[in-house]
């Protein structure tokens, strides 16, 4: 390393005795990294090498290591005098990525700024505001090949504010398995800006004189190389580094730096004529020195190409005439209104025949007439930008025309938020295909009259590029009390932390054939989730497909919500959907929320119109809005809101003659043209909504819901005043339409009817639990028997319980069953299981477990890990099937016990459960016996469980619940359960004495046994007196041992004992002593 002062010494005859050192003093830092041992991190020159990957290797500095995800590293050079007046940097580099694994990652940057010496930096992102406040970064982003952010770039910070990309070229830096090497040249000059040139990359930097606005240099600034490998791929070496500081020379002493003159085709050795400071080679009225100071091009009379010569664009911000426009000579559209400065001239009136060339606007004012719409937007919309438009406060209109690409401020009070969101080509884009930029939104401020109803229409386009994932994730249109600018929850509308009152019209594009995918109306009321109020399941668009059309939304307090779409593979077609308990307000905002988490989908909207006040008219003055009357009856005369009946008949006030006045039906949301709005067989008048059955004329049921108690039976067939009819149970159930389980035996009325039982007579408490999942519609998640189905993947499908879905990474799911009395004394569980994995993608994943422990109902568990590390769970017994990953040493079948929070595997067989693309099925048998332990037997798996009587420390409890926990994290595997039976007692015949026979003095005692067990037999001649010597051996007691080493003979074991002649009666007791050695 050397730091050399390079002095330019001027000696003249008049100053011979004095040496004058010019202001062109320079300092240089050079480092070739030779003469250091491998692994060295201290060069002894004031520089610092930081990070796990960084060290000297073979006479070069290595900053990242291929295949080692060692994170960030940096090389810092201390401040160099003169850097505030400019600097240049040159060095050699090499990048290498080995074949396979990920594409090259992640990148590096060269930084000049106020970051502390030793700062690791942000690699290809330069420095963030926590690392520096002033910074210029020259960046090389190697991740990810084909990514829109990948490439070479100049960026910076000024006052802690990110300056964004000042220069950028997108492209691949190096391919997988490739080595690239070359040189990099970097310079910065306060008057010229930043330059960045590389050789040898697949995409090279070639940027010259890029302005770095508002950046403040300092001789105290450091120079830092920052690099990283997060995903584990890429070597980066640098060598032969030279950093030179100080101003550029001016050989002809005309005030123009040599570099400036060379860059702009001026002679650096000629200070006269067009080459001198006062020259004007482009004839624009600006001298060369003026152009240098203003950063305009001395060889181009119109540097920014806006139709105005540089000299008239004086940058004052005030239009004083065609010779002093006030505009910026470096910006063709100074006011950002999407009209170039050269066509804007406020001294000429607006020309409706040629508005693009003569708009009559001021080039320094974005909105010349001050009506809230930009000049460019008004011209694009065919309006005069010099005359203020009349504002219709009940309507918001936006066609996104007249805005520059990338615009995020429309100047109309709306807010565009999120990394993906901006105006592009006269439309608003909210998500970008191939870019997982998260949530974005477009918010429209409150519109007067919205509390009385609104209508929204707009055009949309959804586009998904082929490959990668299926389309994802979706969007929603929201009306509620969310704050302007709220990003929202996209296809999930708004959550309770974002709004308390909200109606959401949702389009869920993830994942094709997922049960949650489709179109939906949902909402919040008082912060409570109203769930799905209307839903149609189905794919919105396919991989690689584009769909477009229109979306129309209407909400009226009296009619509810309507949602209609066109052009999607699955369209919304919902009308008059009630939004219960929702509270509207003129202060509510309108927000379109969208996201792409997994990186697939363009979502674009256009021609947005939001109208309120459409539903206020009441021409016949009957207190019922005309729009409601036209919607329900087709005219405004049939219904009469001030009439009281009797009906039926037009104008009577009770058009349908059901005994409820038209106005009352309007308020209650029942249909005044239908006697039975919900078509459940009960008139609206009888359905009083109290929740209590009084009589057939006062049923207490909901007139808007055909099955008020959701027990699977229509309200009209449930009548507790009529006895259950076993000959006609579907039409005379005898049950109460307000009570899901009339007899209180934990089985819903509808389920009992399906099973052929009387729903009014409680069934005897079973010694166990059984469920075959038959009789439930697809999608059922409540079996009505006290069990709980939890998780996005879990539901009844085709008469089986599905817990995971192949190709859908829906996480954990479970099915939990309430505690059963006497379970602590042992139980047996059997069920059928099927696991299927489609070919390709990952191996099967992840697995399942059956659990018995102190977890709560609804607990999702840890799937193949049982209940390990779940909060509040201390004791659990789990029978586990781990399907991930084929060949993994942890994969297989297992029994584990968790005692006082500590988990231990007690039996394990390693092996593949099913092959990629395979399907396995068969019965599963599980048992727990407090004396003999746990057993686990499977059939049909590639690796089966065959564990019997595994000894345990775990002790059961009657309060413990049962449950199956499963998951798919990486998106592979269907899991189905069927024919589930849980019975008290353990496998095989109960352990008991089954026969005693006597022949002479010999007595044969036979009992039900299990293979490979040791038994003890004892006898007693009195169970009331412990002073009896039953064995005649001088020992007394209630029980005396006969033999404690009887080896099992299989399912049945017999032992022969001999009784004494004087014995009047004898009792025998058999004890299972455990496994045989």
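Would a scan of region 462-474 turn up a residue that is in contact (Cβ under 8 Å) with a residue 40 or more places away in the chain, crowded, with 22+ Cβ neighbours inside 10 Å and closer than 19 Å to residue 607 by Cβ? The answer is yes, given that some residue of region 462-474 is in contact (Cβ under 8 Å) with a residue 40 or more places away in the chain, crowded, with 22+ Cβ neighbours inside 10 Å and closer than 19 Å to residue 607 by Cβ. Pick from region 752-781 the residues that are part of a loop (DSSP other than H, G, I, E, B) and in contact (Cβ under 8 Å) with a residue 60 or more places away in the chain: which of them is nearest to residue 958 (Cα to Cα)? My answer is 767.
At pLDDT 95 or above, closer than 27 Å to residue 247 by Cβ and crowded, with 20+ Cβ neighbours inside 10 Å: is that true of residue 73 in this structure? When the stated conditions are applied, residue 73 does not pass them. If we scan region 513-534, do we find a residue that is in a loop (DSSP other than H, G, I, E, B), touching a helix residue (DSSP H, G or I) at 6+ places or on another chain (Cβ under 8 Å) and more than 26 Å from residue 616 (Cβ to Cβ)? No, there is no match, as no residue in region 513-534 is in a loop (DSSP other than H, G, I, E, B), touching a helix residue (DSSP H, G or I) at 6+ places or on another chain (Cβ under 8 Å) and more than 26 Å from residue 616 (Cβ to Cβ). Restricted to region 268-307, and to residues there that are assigned to a helix (DSSP H, G or I) and closer than 29 Å to residue 357 by Cα, the residue that is nearest to the chain's Cα centre (by Cα) is 294. Within region 577-591, the residues that satisfy the criterion of being crowded, with 18+ Cβ neighbours inside 10 Å and assigned to a loop (DSSP other than H, G, I, E, B) are 579, 582, 584, 588.
From the list 768, 750, 784, 744, the one residue that fits, being closer than 30 Å to residue 830 by Cα and touching a strand residue (DSSP E or B) at 6+ places or on another chain (Cβ under 6 Å), is 768. Determine whether region 688-709 contains at least one residue that is touching a strand residue (DSSP E or B) at 6+ places or on another chain (Cβ under 7 Å), modelled with pLDDT of 90 or more, surrounded by 16 or more Cβ atoms within 10 Å (Cβ to Cβ) and within 29 Å of residue 659 (Cα to Cα). Scanning region 688-709 turns up at least one residue that is touching a strand residue (DSSP E or B) at 6+ places or on another chain (Cβ under 7 Å), modelled with pLDDT of 90 or more, surrounded by 16 or more Cβ atoms within 10 Å (Cβ to Cβ) and within 29 Å of residue 659 (Cα to Cα). Out of curiosity, is residue 741 in contact (Cβ under 8 Å) with a residue 60 or more places away in the chain and touching a helix residue (DSSP H, G or I) at 6+ places or on another chain (Cβ under 8 Å)? When the stated conditions are applied, residue 741 does not pass them.
One residue alone among 806, 798 is assigned by TED's automatic domain parsing to the domain that holds residue 977, under 27 Å from the mean Cα position of the chain (by Cα) and over 29 Å from residue 956 (Cβ atoms), and that residue is 806.
Among the residues of region 516-529, those that are surrounded by fewer than 20 Cβ atoms within 10 Å (Cβ to Cβ) and either closer than 30 Å to residue 631 by Cβ or in contact (Cβ under 8 Å) with a residue 60 or more places away in the chain (or both) comprise 516, 525, 526, 528, 529. Per the listing 220, 265, 250, the residue uniquely assigned to a loop (DSSP other than H, G, I, E, B), out of contact with any helix residue (DSSP H, G or I) (no Cβ under 8 Å at 6 or more places or on another chain) and not assigned by TED's automatic domain parsing to the domain that holds residue 79 is 265.
A quick yes/no check of all residues on (1) closer than 23 Å to residue 823 by Cα; (2) surrounded by 16 or more Cβ atoms within 10 Å (Cβ to Cβ); (3) touching a strand residue (DSSP E or B) at 6+ places or on another chain (Cβ under 6 Å):
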site	(1), (2), (3)
848	yes, yes, yes
858	yes, no, yes
869	no, no, no
930	yes, no, no
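Within the option set 1035, 1058, 999, being touching a residue at least 24 places away in the same chain (Cβ under 8 Å) and outside the structural domain of residue 929 (by TED's automatic domain parsing) holds for one residue only, 1058. Can you pull out the residues in region 808-841 that are out of contact with any strand residue (DSSP E or B) (no Cβ under 7 Å at 6 or more places or on another chain), surrounded by fewer than 19 Cβ atoms within 10 Å (Cβ to Cβ) and assigned to a loop (DSSP other than H, G, I, E, B)? Scanning region 808-841 gives 821, 838, 839, 840, 841. Scanning region 159-198 for residues that are assigned to a loop (DSSP other than H, G, I, E, B), within 26 Å of residue 216 (Cα to Cα) and under 32 Å from the mean Cα position of the chain (by Cα) turns up 160, 163, 164, 165, 166.
When you look at residue 94, is it surrounded by fewer than 19 Cβ atoms within 10 Å (Cβ to Cβ), in contact (Cβ under 8 Å) with a residue 24 or more places away in the chain and outside any loop (DSSP other than H, G, I, E, B), yes or no? Yes.
The values are calculated or read from the model by the stated rules, or taken from the named source; none is laboratory data. Owing to the predicted nature of the structure, the values given are computational and were not obtained by experimental measurement. FYI the Cβ positions are ideal-geometry reconstructions off the backbone, even for glycines, and counts take in every protein chain you see.
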